[in-house]
1. Is it the case that residue 286 is surrounded by fewer than 22 Cβ atoms within 10 Å (Cβ to Cβ) and outside the structural domain of residue 140 (by TED's automatic domain parsing)?
2. Looking for something out of contact with any helix residue (DSSP H, G or I) (no Cβ under 8 Å at 6 or more places or on another chain), surrounded by fewer than 17 Cβ atoms within 10 Å (Cβ to Cβ) and modelled with pLDDT under 95 - is there at least one such residue anywhere in the stretch 163-185?
3. Identify the single condition in (1) touching a helix residue (DSSP H, G or I) at 6+ places or on another chain (Cβ under 9 Å); (2) modelled with pLDDT of 95 or more that residue 144 does not satisfy, given that it satisfies every other one.
4. Run down 281, 298, 304 and say which single residue is in contact (Cβ under 8 Å) with a residue 60 or more places away in the chain and surrounded by fewer than 20 Cβ atoms within 10 Å (Cβ to Cβ).
5. Take residue 314 and tell me if it is touching a helix residue (DSSP H, G or I) at 6+ places or on another chain (Cβ under 9 Å), surrounded by fewer than 20 Cβ atoms within 10 Å (Cβ to Cβ) and farther than 14 Å from residue 109 by Cα.
6. Out of (1) outside any helix (DSSP H, G or I); (2) exposed (fewer than 15 other Cβ atoms within 10 Å of the Cβ), the odd one out for residue 262 is which?
């Protein structure tokens, strides 16, 4: 019986245990009875042997052979009757263990993706808040000015010094030109860069109010030294009002690699488990966004079953896979990402 054919009913373990107990009890009773008979035969054999001399020895030998044969028969019957149940009990145990392992991995995968969701939810709050900063708004108000752009840049630097999870913050005019950044010395190529064709810029310009935001999938940005970033954006509005006219866009670039790596490395696995496990964050198409072994990030995909669902696990070729779909957090619905953990069987 294969593990896949085993029904995971706890009651089945009790059924098998009770059957094994009953069979073992019966057979042990039979063996005890045979032992009592053996003692009587041994006594009789001694008496007969003493009376009959040499002729009595053969009686004793025959008696021993009869007893030995009876015990062998009982042992064989015991082996025959319990072996199937023992095999099934082992299969049930393995299946339940596999199920529990898979469920645990799925729970850990959910925890990982939830941490990312909460982290990225904060990014949506940051961009909407900072877009109302007077220095950011004044940078674009009335067509902007070099002095306003310089002051806005200094203001963005202050924010970056306090929020170390970002690589850079960009203020873009309505045509998509980056007119101010928070780290012009570190990333000089960003200033005057055109982002008019970037989806995050176009989507941010289309937002209905200051309560809305746009987000882009994890991508490497050449102007940021090709670092992978998660970009969040919203419109900078006239007067900083939620319903004000869109003057341009604030784009904030979340430093993806160290933050994501901290999440996949922080999953609560034992040292022994960690050596045979791989923790990953996957996008909606299965692209590996982060991995505990650093392999395949933003270049390879990991395929979950077509009907994987929101959460679950499965085993194949000695590897258990647990996964969980992003549940979102607060007003952040998530991007259809998955937390995923693969684990090889232990030695």
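The values are calculated or read from the model by the stated rules, or taken from the named source; none is laboratory data. Predicted model, so just to flag it, every value in this text is computed and none were measured. Here Cβ is always computed from backbone atoms with ideal geometry, including for glycine, and neighbour counts include all displayed protein chains.
1. yes
2. yes
3. (2)
4. 298
5. Criteria not met by residue 314.
6. Exception for residue 262: condition (1).
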